[in-house]
Structures are given as structure tokens and as C-alpha cells.
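Below is one structure, written out as C-alpha cells; the observations come after it.
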Amino acid sequence: MADLTTKIDRLQLKNPVMLASGTCGFAEEINDFYDVSQLGGIFLKGTTPRNRDGNLYPRMAETPSGMLNAVGLQNKGIDYFIENIYPRIKNYDTPLIVNVNGSTVEEYIEVTEKVNELDKIPAIELNISCPNVKEGGMAFGVTCPGAEAVTREVRKAYGKTLIVKLSPNVTDVSEIAKAVEGQGADSVSLVNTFVGMAIDSETRKPLLSTVTGGLSGPAIKPVALRMVWQVSSAVKIPVIGMGGIMNTADAVEFLLAGATAIQVGTAVFKDPFIPLQIIEGLKSYLERHNMHSMSEIVGGLQL
Amino acid sequence: MGKKLVSDFLVLNNIPLNSTNYLIKLQAPGTLPPIFPGQFVNIDIKSASEIFLRRPFSVFEVDNTENTLSVIVKILGRGSKKLTEITPGEKLSLIYPLGKHFTFPGKSEKILAVGGGSGLAPMLFLAKESKLPAGNIDIVIGARSASDHVELESYKKYGKIHLTTEDGSLGTKGFVTDHPLLKNDIERYDKVYACGPVGMMKAVAGLAKNAGVFCEVSLENLMACGFGVCLCCIEPTVKGNLCVCTEGPVFNINELKWQI
């Protein structure tokens, strides 16, 4: 019997298939389709200290094998989450992870301290890689000193599992990964979206209100996979891989490259059942290869 | 749990209505849940790998005994073009039912349904499901030219149908808002509904607002998911930015921040 259980720091996961922040709302939207307790974990929509309206419409453009988005962290703020959303979702039987955002180190700490009080949230994902906000976000994630500073301060305020979400919009992502590992991160997740743009050749106007946005989907998969491979070779903490995963084979590629677990993101827009299909696919992959546990796949790239 | 579904539907037929509109009838693999006028489905055009995202379509007709539904597809871009090339026997993956439906009219109310382009689909669906006598329903459908209109004979039993064309080749010349029922008589109605291009809906909304008549419109902002997780299809409203896919697509005009 194939055993898909996976461990990320102190998080015990039923399987390594999790939903990526910003593509699964606050889990309820996916629970409208099926019981989300079947999933390995759920990274909730990015949350800031206070309400954010996000960017102007249009925020989305379809591109070859993917899409650009420029949502800009629209959310109602951490207090609204705690009062209105958390009570409805806290009993889902799968790890719920809050994606923490801020414009300043102080704002990251403000959200973290509030999340720390929530019994049913076993981990946070520190988002230092959002490309669609003017302040904070990716600004912290593209330099080692920036990434170190925010990770160090949040680490002081948070005792549970701290996952740092990394930006691919850097020269050497493994340097950033090592920097946050050095400041006490328990895990890194990568990659967030790539900064891109699209233009309507007829109107000569950008397709996004913000001109640039974040590219996701299968278009980014080979680059994301290379980055996951580089980072998992460079750090000792577990790596959560993502970027264009659409099916079981894609997920296995990330695991072979060294990811302990994976997140499915943009694929959920196409079909919210894809994560469940990957869970089933991983079981049959293990059986087909006469393997019994996830540790036999993770980092199993044959060079 | 289980309120929304993803299933492969069988294409029963794909009939051209005119040069740019196609009527596609689809059969669900099991029991079709209730679907109401204004709700939509999000269709995956699997045969075209270059079309990455699904395309949303307002439901046109539902038959819960046959477990079938129909959509009218107007060719607007690459995705809709590909969809109109589908043939009977092929399958299409649908996410359904999505969005909120129009507010049904009360008993013995008089309603005006205004459709432009493929926006006529939910208007005719509403007329059919409104349970009102045909005499209580006026349907105004606008198009650029006579050849852009579709055959509506079978809908005459649900309401009185009025056509407009911009070039005057059929019905009243001008936009739908040039039709006397909108221009002069809109205050006679208890409820006005509109679906079509934004400019058209804003014009109808402006007339309804001035007359103080209840008015709902159906928006079609670009969306990636259709079920409230991508936050791309937002519309500014008095309650902040709302997702058209889950909080709409039907909105009361008083909720919107339109300059009308």
C-alpha cells in the first residue's frame, strides 16, 4: 500500500499535494466541489493587516500556456479573516496555512502575531514575493538583506512552522533560500509568479491595468523546476515546489527535483479536481515503480 | 460541499444561428441540478491546447427531464471561435452551475428584457422561466443589422419580441435604447433586465434609473476560474470590489458604481 504521508517541519501531511495561495480562496470555494480534507494542505489567500481593494480591472490576461494576473492582494484584512472566515473553515481536517503579507516588516509581524493566536493554523507562509503590490511584497524577496530582515523578525514573533515563499525574479534564488534558512525559516516554497506583460497589438495598450503582472501556468514550469532543483540542492530545510503543475507527471518532476511537497495553483482555475487526480496519480506512480513511501521519490533525480 | 460540479458533457448538436452565433446543446452525464436564468457555465475547450483558460457562457435553455442545457456562443475571439467548431459526439468539460440568477418577477408584474448580441440568451431564458403571461413580457433585442439577428419564432409564446437594428434593416432603427418601449415607456414596467455589451447595459440602466424602475444587468468581466478564487473578474460596487462570477454576474444597477 502506497504511503503518501509527508512531513514539512512539524506539519504532518496526509499527502504532498497542497493548494497554492491565491488560487483556492479560503478553502470554502474548493469545498463547494469536494471535501478538502482529502488534500495535503491549503495555503489560504494572501492576507494583510488591513483591507486592500487590490488593483483595477483588468487584472488578468490569457497567455500561451498560462496567464498573467495583477490582483494585488485583494483581501479584507487579518481581523476580518479571524472574525468571519476562520470560524467557518477551522474544522477542515487538513493543515490550513495563512499566507502573510505586509508593506513593512512591522506589518508582517502584525499579521503573524494575530495568526499565532489561532489554534487551527499550524503554519504561515511568509509572502516576500508578490509582484503586484507597490510596497513590500517582492521588494523584500529580491535581495538577501531584505529577505533576511523580514524572516528574522517574523521568526522572533512566531514559534510554529514558518515557510517563506520565494520569488523567481532574482539572479540566484538559492542565495535567497540560504539567507532565509539562516534566519530560521523551517521551509521554503517556490516559485511565486514571474513578472511579465502582454500588449494588445491593435489598440497598443497593455492588457493589464498595472501594465505588468505575474505569469503562472505550464509556461513557467521548466524554469520553476530548475529553481526548485537548485534550491533543494542548496538548503537543508524542506522545499515545497510549485509552478505550472497540471498533472501527476508534473508533480513527480518537482518531487524528483527535490521538493518534499508540491502546490497546485493555476491548474485549479482550469479544473479544481486536478489536485485530487494528482493524489491518486501519485499512489499509482508509487505502486507502478514498486515504491512504498514518498521518501523514495523526493530528490530521486537520476543523474 | 458538492454544490458545484465539473463534468464532461456530450455535445448533442451545434447549430449556426447566423454568421457569428451558434447554438450548442449539451447533455449532462447524470442528473442536471436546477439552473436559473442568469447563471452560467465555464467551458473547457480541450481540443484547443492554445486556449488555456475556460470560457464562461450564460445558460440559454435547460431541460431537467432530458438533462440537457444549451448555450449561445458568439464568436468574439480565439476561444469562442474554437468552440463553434465542435461537432456532435464530442465532449466538453463544464464547471456548473455558476453565479447568481436574476430576481424573478412577482406575480402579475410587467417586465422588460433587453438583450444585445449573445446577451439575448439569458433574456429569453428569463422570459420562459418567469411564469408570467406572455402579455406581461416585452423583449427588445438589438443587433447591428438584420443578418445579425437570430430566429426567435419559438419564443413568441413567452413574450412580445421587438427588434432593433443600427442600420434600420429590420425593426426599429437605432440602438435598443432608441426603441419607444425604452425611450418613452420604461416607467410602465415593474422590472427591467439587460444583458449585452457594457455600453448598451449602461444606456438601459440610465433610462431605468431615471424612471426609478428596478433594473438588473448581467456582467461578463474577464475571469480565470468562474468560482471565486482568482479574484480577476472584479467589479467596483458599493460593497467594494466584488467577483462577478460569485457575487454576480447579475447585479442590481444600484449596487454598481456606473456613471449613469
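Quick notes on this structure:
- Residues of region B:94-105 that turn out to be out of contact with any Ser or Thr (no Cβ under 7 Å at 6 or more places or on another chain) and surrounded by fewer than 22 Cβ atoms within 10 Å (Cβ to Cβ), as a count: 3
- Residue satisfying all of: in region B:248-259; surrounded by fewer than 21 Cβ atoms within 10 Å (Cβ to Cβ) and assigned to a helix (DSSP H, G or I); nearest to the other protein chains (Cβ to nearest Cβ) among these: B:E255
- Residue match in region B:199-213 (condition: closer than 14 Å to B:A143 by Cα, modelled with pLDDT of 95 or more and either in the same structural domain as B:G38 (by TED's automatic domain parsing) or outside any helix (DSSP H, G or I) (or both)): no
- Restricting the first member to region A:107-133 and to residues that are charged (D, E, K, R), and the second to residues that are in a loop (DSSP other than H, G, I, E, B), the beta-carbon pairs closer than 6 Å and six or more apart or on different chains are A:E107/A:P49; A:E110/A:P49; A:K120/A:K90.
- When A:K236, A:K221 are screened for being outside any strand (DSSP E or B), more than 14 Å from chain B (Cβ to nearest Cβ) and not hydroxyl-bearing (S, T, Y), only A:K236 passes.
Per-residue answers, yes or no, for (1) over 19 Å from A:M138 (Cα atoms); (2) crowded, with 17+ Cβ neighbours inside 10 Å; (3) of a type in the set (S, T, N, Q):
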site: A:A70; (1), (2), (3): no, yes, no
site: A:Q74; (1), (2), (3): no, yes, yes
site: A:D79; (1), (2), (3): yes, no, no
site: A:N84; (1), (2), (3): yes, no, yes
site: A:I89; (1), (2), (3): yes, yes, no
site: A:T94; (1), (2), (3): yes, yes, yes
site: A:I97; (1), (2), (3): yes, yes, no
site: A:N101; (1), (2), (3): no, yes, yes
site: A:T104; (1), (2), (3): no, no, yes
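- Condition check for B:C245: in the same structural domain as B:D178 (by TED's automatic domain parsing) and closer than 20 Å to B:P122 by Cβ: yes
- Residue satisfying condition, being within 14 Å of chain B (Cβ to nearest Cβ), among the β-branched types (V, I, T), in contact (Cβ under 8 Å) with a residue 12 or more places away in the chain and at negative phi, within set A:T266, A:T260: A:T266
- Within region A:71-102, tally of residues that are out of contact with any helix residue (DSSP H, G or I) (no Cβ under 7 Å at 6 or more places or on another chain) and basic (K, R): 2
- Candidates B:L170, B:L182 - the one that is surrounded by fewer than 21 Cβ atoms within 10 Å (Cβ to Cβ) and outside the structural domain of B:F60 (by TED's automatic domain parsing): B:L170
- Some residue of region B:67-82 being more than 26 Å from B:C233 (Cβ to Cβ) and in contact with a Leu (Cβ under 8 Å, 6 or more places away or on another chain): yes
- Strands (runs of 3 or more DSSP E) lying entirely in region A:34-105 (those with 1 or more residues that are within 13 Å of chain B (Cβ to nearest Cβ), touching a residue at least 60 places away in the same chain (Cβ under 8 Å) and among the aromatic types (F, W, Y)): A:41-43
- Which numbered condition A:G25 fails, given (1) at the interface with chain B (Cβ under 8 Å from one of its Cβ atoms); (2) surrounded by fewer than 24 Cβ atoms within 10 Å (Cβ to Cβ); (3) farther than 29 Å from A:I199 by Cβ: (2)
- Close pairs from region B:44-68: first over 18 Å from B:P122 (Cα atoms), partner of a type in the set (F, W, Y), Cβ under 6 Å, at least 6 apart: none
- Of all residues in region A:181-202, those satisfying the criterion of being within 19 Å of A:G159 (Cβ to Cβ), crowded, with 16+ Cβ neighbours inside 10 Å and in contact with a helix residue (DSSP H, G or I) (Cβ under 8 Å, 6 or more places away or on another chain) are A:Q183, A:A185, A:V188.
- Number of positions in region A:41-68 that are touching a Leu at 6+ places or on another chain (Cβ under 8 Å), among the β-branched types (V, I, T) and surrounded by 24 or more Cβ atoms within 10 Å (Cβ to Cβ): 2
- Residue match in region B:218-236 (condition: β-branched (V, I, T), under 17 Å from B:H101 (Cβ atoms) and crowded, with 19+ Cβ neighbours inside 10 Å): no
- Taking the listed residues B:V244, B:V238, B:V217, the one that is at pLDDT 95 or above and away from every other protein chain (no Cβ under 14 Å) is B:V217, with no other qualifying.
The values are calculated or read from the model by the stated rules, or taken from the named source; none is laboratory data. Remember, predicted model here, so these are calculated numbers, not experimental data. Virtual Cβ from ideal backbone geometry, glycine too; neighbours counted across all protein chains shown.
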